[in-house]
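The values are calculated or read from the model by the stated rules, or taken from the named source; none is laboratory data. Since we're looking at a predicted model, the values are computed, not measured. In this analysis, Cβ positions are derived from the backbone assuming ideal geometry, glycine residues included, and neighbour counts consider all displayed protein chains. What goes into the accessible areas is simple: the full protein's heavy atoms, side chains included, and nothing from ligands, DNA or RNA. Shrake-Rupley method; radii C 1.70, N 1.55, O 1.52, S 1.80 Å.
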Amino acid sequence: MSTLKWEPFTPLMERIPQEAPGLLTGLQTLKNNMPTAEFEKYINSLTSLKQGNGMLLLITKKEMYRSIIESKFIPVIQASFGVERVRIISQP
């Protein structure tokens, strides 16, 4: 019989050094260029952050957060990570 174990959510800033250390500089730049409360709410709560081929992929749990990130933060995200495209997916 298998048992499921509940793991608390770990903020993105705590996970990135182990999961994708190459993204840490861009993430820190983004943090420095966004209001702290908005960074914590919309970026640090992302479930995943991936970069490749000039594109950054952000995965969030909430559709509302995806919409807000798209409407308010795309230019600062592009500048922070040096990417041309940003794709945001909502995946509850």
Inset, instruction - Pull up segment 32-51, narrow it to residues that are part of a helix (DSSP H, G or I), surrounded by 16 or more Cβ atoms within 10 Å (Cβ to Cβ) and not hydroxyl-bearing (Ser, Thr, Tyr), then point me to the one that is farthest from the chain's Cα centre (by Cα). - result: Phe39
Inset, instruction - Run Arg87 past the list (1) open to solvent by less than 70 Å² (accessible area, probe 1.4 Å); (2) part of a strand (DSSP E or B); (3) of a type outside the set (S, T, N, Q) and report the number of the one that doesn't hold. - result: (1)
Inset, instruction - Please work out which one of (1) loosely packed, with under 10 Cβ neighbours inside 10 Å; (2) touching a residue at least 12 places away in the same chain (Cβ under 8 Å); (3) of a type outside the set (Ser, Thr, Tyr) is the condition Pro21 fails and give its number. - result: (2)
